[in-house]
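**Q** Below: one structure in structure tokens.
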Ligand code: OGA
Ligand code: NI
């Protein structure tokens, strides 16, 4: 039987562990000391002042060419130096962002039994889940999630989306459309910044919005009795094109790798966090890099975040764009479909940047 049909062990909801009143973490959630959050942050007290770049998109939408160029230049350096940035004045209604956040908080506050209806399996990951990867005995992360396909339309199955709160399905559609639109804008900017035609990256990912892939993962990080021993989400890079993250404004948690440090992102009000995924690293022949990130948890507050993954059409071959391959800079990655690529993370769960690194060695 295909090992992606079922989970290797019975699924335990992190929410249930919390509700059972445990004071100590089960061993499955205790990370080895070098992966625990404290070890690196304590060594770097100065990092408290650092944040990922914050960029206003306002000037992209107005007429002035020099202001537009300056914004594009900030995005260009954020992409190559950080792989992560926050955007404000992005054109998405803050009211919509708030409603979406509140609705998903409400969903995750429902009793576990009400959500079991949507329990997922690793063949598509769609639905209510509590682990990534299917390796028996693997260490687990301190989070539950909900995963769904928004695009292409052929994979959109509204009946698998939450029906409570009852605004949920229409809200997901409204929000998803806004996210896909904003990703389209960013794809244009990234293309131009790479010296390509503005529609180049979007075409390389599949073309029209209805042909690309867009998935939403809503992460729920319940408060944790021993947050220093575990992670809400282990270190990983996102496998797809780009990610738009709506963070929980009140509860920090996302950390981005910068050299040997982990920088805790401080969300500014009404912002989205944008990050480069592995497929843009491949297409750009590593001019832009996907950057490792992870999530820490705390003992005080639940945290909810929404990650919209803007991905290639799943059966399309992705390889370094020929415009970005030269004699001096040969193609660094082999050609592969996103379906093939994604299998690795679906089997192994989050493991840093080990997948892209291993592909690189195939080339040398
Ligand atoms: C993700 C992710 C970060 C967060 O879902 O891939 O990195 O803050 N989430 O929840
Ligand atoms: Ni991620």
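**Q** Along each principal axis of its Cα atoms, how long is region 234-364 end to end? Whole angstroms, biggest number first, please.
**A** Largest to smallest, the principal-axis extents are 52, 28, 25 Å.
**Q** Moving on to the next point. For the residues 155, 244, 171, what sequence is obtained by ranking on other C-beta atoms within 10 Å, fewest first?
**A** Values: 155 15, 244 24, 171 19.
Starting with the residue having the fewest Cβ neighbours, the order is 155, 171, 244.
**Q** Using alpha carbons only, how many degrees (0 to 90, rounded to 10) separate the axis of helix 65-81 from the longest principal axis of the chain?
**A** Result, in degrees: 50.
**Q** What is the distance in Å between the Cα centres of region 119-176 and region 331-355?
**A** 20 Å
**Q** While we're on this one: Can you compute the helix-only [θ] at 222 nm over the chain? Use -39500 (n - 2.57) per DSSP H run of at least 4 residues, normalise by all residues, nearest 500 deg cm²/dmol. Numbers along the way, then the final one.
**A** Details: 10 runs with 109 residues, N = 364.
It lands at -9000 deg cm²/dmol.
**Q** Once the Cβ-Cβ distance between residue 329 and residue 27 is put in as r, and R0 is 51 Å, what FRET efficiency do you end up with, to the nearest 0.05?
**A** Numbers: r = 46 Å, r/R0 = 0.91.
It comes to 0.65.
**Q** At a Förster radius of 25 Å, what calculated FRET efficiency corresponds to the Cβ-Cβ distance of residue 314 and residue 197, to the nearest 0.05? Display every interim value, and only then the final one.
**A** Values: r = 24 Å, r/R0 = 0.96.
Rounded to the nearest 0.05, the efficiency is 0.55.
**Q** Kirkwood Rh over alpha-carbon pairs of region 1-149, then Stokes-Einstein at 10 °C and 1.306 mPa s: what D in µm² s⁻¹, rounded to an integer?
**A** 81 µm²/s
**Q** Over the chain, what relative contact order in percent results from Cα pairs under 8 Å that are six or more residues apart?
**A** 22 percent
**Q** Then there's this: Each label point is 7 Å from the Cα along the Cα-to-Cβ direction; what then is the distance between the points at residue 173 and residue 357, in nm?
**A** About 4.4 nm separates the two model spin labels.
**Q** Output the 0 to 90 degree angle, nearest 10, between the alpha-carbon long axis of helix 94-109 and the longest principal axis computed from the alpha carbons of the chain.
**A** With both axes taken from Cα atoms, the answer is about 30 degrees.
**Q** For the ranges 107-116, 72-81, 26-35, 306-315, what's the packing order if you count other beta-carbon atoms within 10 Å of each residue, average per peptide, and put the highest first?
**A** By packing density, highest mean first, the sequence is 306-315, 72-81, 107-116, 26-35.
**Q** I want the antiparallel fraction of DSSP beta bridges within the chain, as a percent rounded to 5.
**A** So the antiparallel bridges in the chain amount to around 90 percent.
**Q** I've got another one for you. Could you give the C-alpha radius of gyration of the chain expressed as a fraction of 2.2 N^0.38 Å, taking N as the number of residues it contains? If you can, show how the numbers build up before the last one.
**A** Numbers: Rg = 19.8 Å, N = 364, 2.2 N^0.38 = 20.7 Å.
This ratio for the chain stands at 0.95.
**Q** Mind pulling the angle between the C-alpha long axis of helix 338-348 and the longest principal axis of the chain? Nearest 10 degrees, somewhere in 0 to 90.
**A** For 338-348 against the chain, the angle is about 30 degrees.
Only the coordinates and a few stated rules stand behind these numbers; no lab work does. A quick note: this is a predicted structure, and the numbers were derived from the prediction, not measured. Every residue, glycine among them, receives a Cβ derived from its backbone with ideal geometry; neighbour counts consider all protein chains shown.
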